[in-house]
Amino acid sequence: VTVTVASSGGHATSPYMYGIMFEDINQSGDGGLYAELISNRAFQNESLKSWSAVGDSTLALDTTTPLSWALPRSVRVKGGKGKAGLRNSGYWGIDVKHTDTYTGSFYSYGEYRGSFTASLVSDITNETLAITKIKSKSVANAWTKHEFKLHPTKSAANSNNSFVLEFRPSHETELKFNLISLFPPTYNNRPNGMRRDLMEKLRDLKPSFLRIPGGNNLEGNFAGNHWNWSATIGPLIERPGRMGVWGYENTDGLGLVEYMHWAEDLGVDVVLGVAAGLYLNGDVVPEEELDFFVQDALNELEFLMGDVSTPYGALRAKLGYPRPWKIKFVEIGNEDNLWGGLDSYKSYRLRAFYDAIKAKYPDIFIFSSTDEVVYKKSGRDYHKYTRPDYSVSQFHLFDNWTAEHPVLIGEYATIQNNTGKLEDTDWDAPKNAWSNWIGSVAEAVFLLGAERNADKIWGTAFAPLFQNLNNYQWAPDLISFTADPADTTVSVSYPIIQLFSEHRITHTLPAASPDGFGPLYWAAGRGGLGGGGGGGGGGGGHVSSSSSSYILKVAVYNSTGSEDVPVSVRFEGLPKGSPATLTVLTAAGSDPWAKNTPGRPDAVNKTIQHLRAGKHGEIDFSLPDLSVAVLVARGK
Ligand code: AHR
């Protein structure tokens, strides 16, 4: 296949081409990225889930003395003769490392003059891995906060460990506890922060945006159940949490401010999803009641961006964040073309939000949450979960779309296998447990179709992002994990996104071939390295790219053949002898079904070749079927 890349023409490429999308699905927030180790720490689950009694004591839920308006339930521990207390099994275990310090706290209620003991204990051997004494400040008729640190003396062999909080009751001692919390060190040492290994995986993707809190969980199942930003800010004792739409409670410890810190830590811009009055049960907020929601979105923006003279800016400062954040992108709702939301979205909901936000924040760019409805200069959000062949068939999808309403591909993935016919997803059939290589290469083809339409596509994000392997509602996912960081596994789609993301085309160039697309698909342009997060950093042996570099991104997808594809790329104007680096991703053993799983995370091979341009600026190489590659060439 011969491809000629012109030295001029084309379009500027969105700097947001590769990003991430997050919603709390698959225990990806609580029990996942949010580093809290204690499950059901404040009984927001309305049960004693994850808790058990120590010794002869008994546990009961108690609502007679609320810790706060937001946390009305506590656990009452009635002592026996010896030690009393409670034990928490964590989110399917607790990882314990002797190199880490664990920071804990709890509230207690009731007269007690002795000491508490907090410890981390192996569930298998009962060995104590870390222990500390905390002098009681507990008094009758009031809640008191206790804080402590745990320094394990050894690392646990695995994550089958629990947290134990004990006291020595005199005969009738009955104490209540609430908001029992324990954090390992977090990414960038943020209090109330994020799990390090998972953040590192995100950082290494070099993303440039974070769409939060996207997905169904923003919308809520029924009236009042939407993600409510104002209930996710402030001290944890003022966060009631809510039953998320994916069947488990959200503590909302990972709230709006934590989202902003997350974006700051990755150096990315936020696409802020605001609830738009459509619930997953199909209920829609009527036009005459929508003002409340619109005003709520304005309040949220003022909270994030307002100066301290504004009511919500002042609230932010009062909570300890005087410096405003900047929101450049807002998305109105999520998939408002579904659940019967289309008509109302078209007729009044999108318009109401758009006009009100633009009136106050003219610089904010607004995405509608569907590609079917746009208003004024809004962008759109296109979601696609499909099969490999279908994904490839979408390579040309955006060719004839208008640049007037740029597209965020806010969710995409291949989730089922080919059937022999060109078929889209069958939502009644099971989805794949893991991304497989043929599907990931097909996603790459779709991404190239997006990237070569640089004037129309704003950005892309795989979804869902995370999966806790102990409780998930949706697979396949990009990053899977358990309580044990040794299990953290990226899917075979991850290295492709990473490769494309770290080689950013800043300006696409026309790239033509007499051979046409398929089995080779490509996008080409001038480029640089890195996205928002982390940016820069070429890596050993690479030809470092700059705006004078040429980049060609390719995927070979030919689900019926297996021949290598000879490629000759000519970059117009590239001098003879210019150095080039070709990075090629293939599946181990050329297995189309190759997948990464915990303990077997190496299904994708990466090779790097160093090449030189020939007499006419041409660079020759060959690529196997089902491969993804990036070629970077730089004039001498
Ligand atoms: O990513 C899983 C779900 O798929 C999202 O919640 C929703 O937006 C989409 O339908």
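The values are calculated or read from the model by the stated rules, or taken from the named source; none is laboratory data. Small disclaimer: the values here were computed from a predicted structure and weren't measured. Please note: Cβ atoms are built from the backbone with ideal geometry, for glycine as well, and neighbour counts cover all protein chains shown.
With respect to Ala297, determine if the residue is touching a strand residue (DSSP E or B) at 6+ places or on another chain (Cβ under 6 Å), assigned to a helix (DSSP H, G or I) and more than 15 Å from the ligand (Cβ to nearest atom). Break it down stepwise before answering.
Numbers: touching a strand residue (DSSP E or B) at 6+ places or on another chain (Cβ under 6 Å): yes; assigned to a helix (DSSP H, G or I): yes; more than 15 Å from the ligand (Cβ to nearest atom): yes.
Answer is yes for this residue.
Please find, within region 387-406, the residue that is farthest from the ligand (Cβ to nearest atom) out of those that are small (Gly, Ala, Ser) and either touching a Lys or Arg at 6+ places or on another chain (Cβ under 8 Å) or modelled with pLDDT under 95 (or both).
Ala403
Residue under question is Ala461, and the condition is that it be under 21 Å from Val407 (Cα atoms), small (Gly, Ala, Ser) and crowded, with 23+ Cβ neighbours inside 10 Å; does it hold?
Working: under 21 Å from Val407 (Cα atoms): yes; small (Gly, Ala, Ser): yes; crowded, with 23+ Cβ neighbours inside 10 Å: yes.
Judged against the criteria, Ala461 is a match.
If we keep just the residues of region 228-246 that are of a type in the set (Gly, Ala, Ser) and part of a loop (DSSP other than H, G, I, E, B), which is nearest to the ligand (Cβ to nearest atom)?
Gly244
What is the residue count in region 580-622 for residues that are buried (at least 22 other Cβ atoms within 10 Å of the Cβ), in contact (Cβ under 8 Å) with a residue 60 or more places away in the chain, of a type outside the set (Val, Ile, Thr) and part of a strand (DSSP E or B)?
So the count comes out to 2.
Would you please name the residue that is nearest to the ligand (Cβ to nearest atom), looking only at residues in region 202-227 that are touching a helix residue (DSSP H, G or I) at 6+ places or on another chain (Cβ under 8 Å) and more than 18 Å from Asp269 (Cβ to Cβ)?
Looking at residues that are touching a helix residue (DSSP H, G or I) at 6+ places or on another chain (Cβ under 8 Å) and more than 18 Å from Asp269 (Cβ to Cβ), I get Trp227.
Could you run through region 374-386 and say how many residues are touching a helix residue (DSSP H, G or I) at 6+ places or on another chain (Cβ under 9 Å), within 16 Å of the ligand (Cβ to nearest atom) and either of a type in the set (Lys, Arg) or not in a strand (DSSP E or B) (or both)?
Result for region 374-386: 1.
Go through region 500-520 and count every residue that is within 28 Å of the chain's Cα centre (by Cα) and surrounded by 21 or more Cβ atoms within 10 Å (Cβ to Cβ).
Summing the residues that are within 28 Å of the chain's Cα centre (by Cα) and surrounded by 21 or more Cβ atoms within 10 Å (Cβ to Cβ) in region 500-520 gives 7.
Do any residues in region 330-341 that are without any contact (Cβ under 8 Å) to a residue 40 or more places away in the chain and over 10 Å from Gly214 (Cα atoms) have Cβ atoms under 8 Å from those of residues that are more than 10 Å from the ligand (Cβ to nearest atom) and not acidic (Asp, Glu), where the two are at least six apart or on different chains, and which pairs are they?
What qualifies is Asn337/Tyr345; Asn337/Thr370; Asn337/Val373.
Taking the condition of being among the basic types (Lys, Arg) and outside any loop (DSSP other than H, G, I, E, B), how many residues in region 148-185 meet it?
The total comes to 2.
Okay, residues lined up against (1) in a loop (DSSP other than H, G, I, E, B); (2) within 16 Å of the ligand (Cβ to nearest atom):
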{"site": "Thr4", "(1), (2)": "no, no"}
{"site": "Gly9", "(1), (2)": "yes, no"}
{"site": "Tyr16", "(1), (2)": "yes, no"}
{"site": "Gln27", "(1), (2)": "yes, yes"}
{"site": "Gly32", "(1), (2)": "no, yes"}
{"site": "Glu46", "(1), (2)": "yes, no"}
{"site": "Ser52", "(1), (2)": "no, no"}
{"site": "Ala60", "(1), (2)": "no, no"}
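Residue-by-condition table, conditions (1) within 15 Å of the ligand (Cβ to nearest atom); (2) of a type outside the set (Asp, Glu); (3) under 19 Å from the mean Cα position of the chain (by Cα):
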| position | (1), (2), (3) |
| --- | --- |
| Phe183 | no, yes, no |
| Asp197 | no, no, yes |
| Glu249 | no, no, yes |
| Gly253 | no, yes, yes |
| Val274 | yes, yes, yes |
| Asp283 | no, no, no |
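For residues that are part of a loop (DSSP other than H, G, I, E, B) and either touching a Gly at 6+ places or on another chain (Cβ under 7 Å) or crowded, with 21+ Cβ neighbours inside 10 Å (or both), tally how many sit in region 346-370.
Total satisfying the criteria: 2.
Limited to region 620-636, what total is found for residues that are modelled with pLDDT of 95 or more and over 29 Å from Gly439 (Cβ atoms)?
2
Quick one: is Ile409 within 16 Å of the ligand (Cβ to nearest atom), touching a Ser or Thr at 6+ places or on another chain (Cβ under 7 Å) and either hydrophobic (A, V, I, L, M, F, W, C) or outside any loop (DSSP other than H, G, I, E, B) (or both)?
When the stated conditions are applied, Ile409 passes them.
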